[in-house]
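Participant: Below you'll find the structure I mean.
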Amino acid sequence: MEYKDYYKVLGVEKKDDKDTIKKAYRKLAKKYHPDNNPNNKRAEERFKEINEAYEVLSDDEKRKRYDTLGSNGFNGQGFDPSSFGNQYSYDFNRGSGFSQSNDFSDFFNAFFADLGMGGMGADPFSSSSRKSARRSPSQPDSEASMTISIEDALSGREMVVSINNKKVNLKIPKGIRPGQKIKMKGQGQNGGDLFIKFDIQNTATLSLEGDDLIK
């Protein structure tokens, strides 16, 4: 996963205050706004980067978390979120029923989505966002999907996820396959169970086809 240098994106310094960051953001946002750059995909992508950077650097909690990442040396091009340990929550990639308008990068979604997105996002596991997989009066089970790396699928992993603003330990079993589900008892809507369906993200050098690892 690529590390995002949000300070560089906005052309500001780490020591700069919120007002300076806001001024830089407004200037760049105006320059690269899609209305001022019709049919310009490069400007559109730049505009998305600018918004993402401002989303983090304008928020005290996100900025603190981001600065902690940088101070721990995670500022190279080959950034691996798993190497930072399990202290951060992960936001699930929603499937049908969990879709959320979000143009932010995988880097953002891995480390900041659980903190909210400027009022645009919603907790996919809140009572208003859940999709009932098999509803019954006594046990309304819910279902969500989550994309993990092929390395995590092969070796297994433990991480912390955020469900209804509650931190829950999730253990991904070793050798899990695409489409496989695990059950989190009592974590669904109104005390029902939550079923998590896994998708596997292939890399440039490794991919899974059925039970076969392709190099």
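Bear in mind that the values in this text are calculations on the coordinates, not laboratory data. What you see is a predicted model, and the numbers here were worked out from it, not measured in a lab. Every residue, glycine as well, gets a Cβ built from its backbone with ideal geometry; the counts of neighbours run over all protein chains shown.
Participant: Mind checking which lysines have their C-alpha under 22 Å from residue 167, skipping anything on the same chain fewer than 8 residues away?
Facilitator: 62, 64, 131, 181, 183, 185, 197
Participant: Here's a follow-up. Positive end of the charge dipole of the stretch 1-45 (Lys, Arg +1 and Asp, Glu -1 on Cβ, about the Cα centre): tell me which of 39, 24, 7 has its Cα farthest that way.
Facilitator: Of 39, 24, 7, it is 24.
Participant: For residue 180 paired with residue 106, estimate the spin-label separation in nm (one decimal), with each label point 7 Å from Cα along the Cα-to-Cβ line.
Facilitator: It works out to 2.0 nm between the two label points.
Participant: Okay, next question. Cα-based Rg (one decimal) and Dmax (whole number) for the stretch 6-71, in Å?
Facilitator: Cα only, the stretch 6-71: 12.4, 39 Å (Rg, Dmax).
Participant: Right, here's the next one. By average Cβ neighbour count within 10 Å, what is the ranking of 49-55, 149-155, 176-182 from highest down? Mind dumping the intermediate values first?
Facilitator: Working: 49-55: 21.0, 149-155: 17.1, 176-182: 14.0.
Descending packing order for the listed peptides: 49-55, 149-155, 176-182.
Participant: Using the Cβ atoms and a cut-off under 9 Å, what net charge is assigned to the surroundings of residue 179, where Lys and Arg are +1 and Asp and Glu are -1?
Facilitator: Values: positive: 177, 181, 197; negative: 199.
Once all neighbours under 9 Å are counted, the net charge is +2.
Participant: Any chance you could check the Cα centroid distance between the stretch 142-202 and the stretch 25-74 for me, in angstrom?
Facilitator: The two parts, judged by their Cα centres, are 29 Å apart.
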